[in-house]
Amino acid sequence: MQNNLVEMEDFYLDNNGLMIFTQKYLLQRGECCGNGCRHCPFDYINVPAVKRHELLAARNKNFENKK
């Protein structure tokens, strides 16, 4: 994996100035880190169960709202 992150490809800054990793970057990293990343492609597998349930529910709600 590359050492230098590319803005808008590997990450972007949200309205609060937080660095948000893209799904592409997270896939390249290869596994869930357990931090509840916004674009986690691994269904938050390493996030504790209660928080994982909340994150997946929020993701599903956002998906349904976009239909």
Once the piece of chain linking residue 24 and residue 60 is laid out straight, how much longer is it, given 0.36 nm per residue of separation minus the C-alpha distance between them? 11.0 nm
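Could you work out the relative contact order of the chain? I mean the mean sequence separation of Cα pairs under 8 Å and 6+ apart, divided by the number of residues, in percent.
Numbers: 63 pairs, mean separation 12.5, N = 67.
Once divided by the residue count of the chain, the mean separation gives 19 percent.
Taking Rh as the Kirkwood radius, which is the inverse of the mean 1/r over Cα pairs, what is the Rg/Rh value for the chain? Intermediate values should be presented prior to the final figure.
Working: Rg = 12.7 Å, Rh = 12.9 Å.
Result for the chain is an Rg/Rh of 0.99.
Coordinate-derived values only; no laboratory data. In this text, all values refer to a predicted model and were calculated from it rather than measured experimentally.
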